[in-house]
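A quick write-up on the structure given underneath.
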Amino acid sequence: MDSIGTNLFRVLRALSGKEFRSGEAVAKDLGISRASVHNAVHQAQALGIDIYSVRGRGYRLVYPHSWLDAERIQDALGGLGYRVHWHEQMDSTNGRLMAMGQAGVEHKAVLTTEWQTGGKGRRGRAWLSPLGGGLAFSILWRFNRSAGDLSCLSLAVGLGLVRALRQMGLAGAQLKWPNDVLLDGRKLAGILIELQGDVLGPSMAVIGVGVNVHLSEGVRGEIDQPVIDLVEGLGEAVDRNHLLVECLRYLHEVLEHFERDGFTGLRAEWEANHAFHGCEARMIAAQGESWQGRVSGIDEAGALLLDTATGQRRFYSGELSLRGVSA
């Protein structure tokens with residue numbers, strides 16, 4: 001999706017309730033023609049948005065949608081120092097926030113969107129974030145440390161997300177090295193960090209987070225790995241505003257610690273929450289080479305430690321994937 005009709009979001013908001021609404025009623029409320037409503041509904045359906053359309057009754061979204069409210073989010077964050085920026089649609093929150101950071105946007109700027117059309121995951125993979133189906137946001141954090149000192153940053157961010165998700169009731173949320181959050185062995189959230197800075201510092205990190213909130217079967221079919229969403233995990237609808245606030249609160253907690261003390265004091269908690277800790281696993285290189293052994297932890301630089309038949313090996317993020325070994 002490269003562009004969105006000017007009426008699309010207005011019409012979708014009008015159809016977000018539990019009751020069906022006629023095209024005539026929506027058109028009257030929005031001050032547009034019935035044809036414009038009809039066109040917006042068809043555009044939405046073509047983009048993969050599930051809309052009930054019943055002759056004689058009208059339209060409504062199949063799944064309830066919690067629209068983001070930047071003012072509400074900002075107020076809920078109190079004195080944590082965040083500044084929330086919101087847009088209805090953009091290609092990538094990370095890409096946009098990096099440009100904003102280079103232009104001088106403030107420390108702790110947060111960028112979120114209703115619909116991310118060009119999100120990126122690790123190793124160049126696409127991150128699918130359909131309207132209402134996910135939460136995509138990025139945080140800009142300015143460190144006095146050099147970029148080379150931030151090798152464990154994605155691990156700290158993952159730990160903050162797990163703390164937030166457990167606070168929301170997902171007691172089974174776990175980490176997967178180096179930058180995923182799992183639930184029941186399936187991917188729930190991912191992290192992408194982009195850095196810019198001098199050799200000796202300071203540096204700027206753009207921390208991108210994507211959380212699966214409510215994925216349709218169609219979207220799940222486009223993803224090349226087992227996934228789960230919050231609605232499935234919690235068994236109820238999720239307010240994305242509350243989700244974002246909780247994530248930002250706990251990320252503030254771990255990022256303040258990381259800025260002050262690095263990964264010291266977080267490493268043991270991270271290992272205790274690692275889904276593969278103490279398990280047999282296989283590390284697979286991008287070129288296809290693989291190593292099998294028992295995951296014994298991570299070192300001070302965030303490298304994963306794998307005890308193999310030929311000794312302990314260290315693996316760094318960026319070009320390797322971790323896969324569990326069936327018993």
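Quick note: the coordinates plus some simple rules give every number you see, no bench work behind them. Everything quoted here is computed from the prediction, not taken from an experiment. Positions of Cβ are generated from backbone atoms using ideal geometry, with glycine treated the same way; all protein chains shown enter the neighbour counts.
Here the Gaussian network model covers the chain, with springs between Cα atoms less than 10 Å apart; of 177, 270, 67, 67 fluctuates the most. With a Förster radius of 25 Å applied to the beta-carbon distance between residue 232 and residue 18, the computed FRET efficiency rounds to 0.75. Sorted fewest first by neighbouring Cβ atoms within 10 angstrom, 29, 50 come out as 29, 50. Looking at the chain only, what percent of DSSP beta bridges run antiparallel? Nearest 5 please. Close to 85 percent. Expressed in Å, the radius of gyration and Dmax of the Cα atoms of segment 209-248 are 11.0, 30. Share of pairwise Cα-Cα distances greater than 14 Å in segment 276-324 is 44 percent (whole percent).
Residues 47, 266, 230 in ascending order of nearby Cβ atoms (within 10 Å, fewest first): 47, 266, 230.
In this rough spin-label picture, where each label sits 7 Å from Cα along the Cβ direction, the residue 289-residue 6 distance is 5.8 nm.
So what's the gap between the Cα centers of segment 220-256 and segment 79-95, to the nearest angstrom? Result: 16 Å between the Cα centres. A Förster distance of 22 Å, applied to the separation of the beta-carbon atoms of residue 29 and residue 52, puts the FRET efficiency at 0.75.
Net charge of the neighbourhood of residue 64, taken over other residues with C-beta under 14 Å away and scored Lys/Arg +1, Asp/Glu -1, is -1.
Applied to segment 195-201, the Karplus parametrisation 6.51 cos²θ - 1.76 cosθ + 1.60 on θ = phi - 60° returns per-residue 3J(HN,Hα) values of 10, 8, x, 8, 4, 9, x Hz, with x for Gly and Pro. Classified by the C-alpha gyration tensor, the chain has a prolate form. Its axis ratio a/c, with a ≥ b ≥ c, is 1.5 or above, and a/b is larger than b/c.
So who's got an amide H within less than 5 Å of the one on residue 85, skipping anything under 5 residues away but keeping other chains? H placed 1.01 Å off N, in plane. It is 110, 111, 112, by chain and number.
Across segment 179-184, computed HN-Hα scalar couplings (Karplus, 6.51 cos²θ - 1.76 cosθ + 1.60, θ = phi - 60°) run 8, 10, 10, 10, 9, 6 Hz from first to last residue, x flagging Gly and Pro.
Seen from residue 105, the other residues with C-beta closer than 14 Å to its C-beta sum to a net charge of +3, counting Lys and Arg as +1 and Asp and Glu as -1.
Rounded to the nearest whole angstrom, the semi-axes of the ellipsoid equivalent to segment 142-296, taken from the Cα gyration tensor as √(5λ), stand at 26, 21, 16, largest first.
Taking 186, 240, 163 as the candidate residues, the one with maximal mean-square fluctuation in a Gaussian network model of the chain, Cα springs under 10 Å, is 186. Label reach from residue 171 (point 7 Å along Cα→C-beta): in segment 221-249, amide nitrogens under 14 Å belong to 234.
Calculated FRET efficiency, residue 325 to residue 149, Cβ-Cβ distance, R0 = 45 Å: about 0.85 to the nearest 0.05. Comparing mean-square fluctuations of 183, 30, 234 from a GNM of the chain with C-alpha springs under 10 Å, the top value falls on 30.
Working value for segment 1-111: equivalent-ellipsoid semi-axes of 33, 16, 12 Å, each the square root of 5 times a Cα gyration tensor eigenvalue, largest first. Summing Lys and Arg as +1 and Asp and Glu as -1 over all other residues whose Cβ lies under 12 Å from the Cβ of residue 135 gives a net charge of -3.
Treating each Cα of segment 8-61 as an identical point scatterer and summing with the Debye formula, the log10 of I(q)/I(0) at q = 0.31 Å⁻¹ comes to -1.48.
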